[in-house]
1. Test of understanding: in a Gaussian network model of the chain with alpha carbons linked when under 10 Å, which of Ser286, Ser184, Ser44 would top the mean-square fluctuation ranking?
2. If we count other beta carbons within 10 Å of each Cβ, what is the order of Arg292, Arg134, Arg25, Arg282, fewest first?
3. Equivalent ellipsoid semi-axes for the chain, as square roots of 5 times the alpha carbon gyration tensor eigenvalues: give them largest first, rounded to whole Å.
4. Can you tell which of Pro285, Gln147, Ala206 lies farthest toward the positive end of the dipole of the range 4-313, using +1 and -1 charges on the Cβ of basic and acidic side chains (Lys, Arg; Asp, Glu)?
5. Under 15 Å from the Cβ of Gly13, count the other residues' Cβ atoms, weight Lys and Arg +1, Asp and Glu -1, and hand me the total.
6. So what is Rg over Rh here for the range 80-149, counting just Cα atoms and using Kirkwood for Rh?
7. Using +1 on the beta carbon of Lys and Arg, -1 on that of Asp and Glu, and nothing else charged, what's the dipole of the chain about the Cα centre, debye to 20?
8. How much length would be gained if the chain were fully extended between Glu55 and Ala204, taking 0.36 nm per residue of separation minus their Cα-Cα distance, in nm to one decimal?
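Each reported figure results from applying straightforward, stated rules to the coordinates on display, with no laboratory input. What you see is a predicted model, and the numbers here were worked out from it, not measured in a lab. Reconstructed Cβ throughout: ideal geometry from the backbone, glycine too, with neighbour counts over all protein chains shown.
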Amino acid sequence: MTKQKILFDTDPGVDDALALLYLHRHPNIDLLGITTVFGNAPISVTTRNARFLAEAWGIKAPVHAGAAVPLNWSGAPHPYPVHVHGANGLGNYPIAQEPREEMDTAARFIVDSIRQNPGQVRLLAVGGLTNLARALETDPAIADLVQDVVVMGGAFEIPGNVSPVAEANIYADPHAADRVFAASWKVTAVPLNLTGRTVITREALATISADANPEMQMVAALSQGYIDFYLQWGEAGMLVHDCSAAVFLTDPDLFTTRPGSVVVIKEGPAAGLTLQRLGAARYSPSEWDRRRTQLVCVGGDAAGILARIYDVCATPRN
Ligand SMILES: [Ca+2]
């Protein structure tokens with residue numbers, strides 16, 4: 001079986017770490033590269049974290065630093081969610097390497113990778129969508145050269161997790177998200193509607209990681225503060241947002257998709273709100289008609305998704 005060529009755009013991030021482990025361990029995935037974006041922590045920190053995980057787990061794919069701020073940025077940045085992902089972005093897991101300034105090469109790397117593998121690359125984005133929007137700006141032709149784009153993000157007709165209407169990854173850069181959904185490439189969103197049901201309890205995590213490989217044991221260790229955060233908010237355990245989107249790459253049958261073009265509200269109190277065109281009603285010609293029909297995973301088999309994550313990530317030490 002030909003392996004899927006995956007580019008992983010990420011802001012590690014506790015749930016990003018589990019997603020990276022899934023991509024690394026899955027036998028049918030060829031991880032072409034890791035690009036980083038600000039989000040769960042500043043860009044220097046998310047990049048340091050991606051390098052730390054890649055080195056610890058023997059991941060050969062290159063790491064490219066990306067955007068430090070959203071498109072059209074002015075004013076103060078959103079505060080980083082240290083109460084969710086810890087002060088160092090990985091649940092305060094001890095990391096010796098200090099963050100450092102790096103050249104922003106992510107958008108160029110995305111473009112070059114797609115150009116070198118026309119029709120074959122799948123982009124998995126589990127942070128703000130700034131790098132993807134900038135790659136499109138650098139070379140708009142990549143929209144027709146990529147296989148598809150899978151995004152963890154959005155909250156469709158349900159409350160958000162960082163504002164009453166917005167999910168964190170879309171809220172991080174609503175302008176970029178709107179461009180990504182509007183482009184001619186095929187996008188599938190895996191939103192809170194589904195990831196809000198992918199819960200791993202502390203007990204389940206302890207059980208699956210007890211005899212598992214060292215990589216999974218590291219994930220379990222760095223996830224403890226993240227679990228505390230979710231317990232505080234009435235969840236039974238941690239939500240595995242990013243890794244659920246990774247499972248879509250390999251097991252799309254576990255997901256229920258809904259077609260319709262998508263618009264993101266870019267400014268004001270509703271910034272980051274994701275809206276999908278529903279139904280077949282005839283409207284006067286508008287912006288909606290110019291947008292490609294995208295897919296939104298409004299539902300799916302949450303237990304099945306978790307079972308796949310356990311199968312792939314938590315195999316016993318050998
Ligand atoms: Ca993330």
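1. Comparing Ser286, Ser184, Ser44 in a Gaussian network model of the chain, the most mobile one is Ser286.
2. Arg282, Arg292, Arg25, Arg134
3. In descending order the semi-axes read 28, 22, 20 Å.
4. Pro285
5. -4
6. Rg divided by Rh gives 1.10.
7. Computed about the Cα centre, the dipole is about 560 debye.
8. Contour length minus the Cα-Cα distance gives 51.0 nm.
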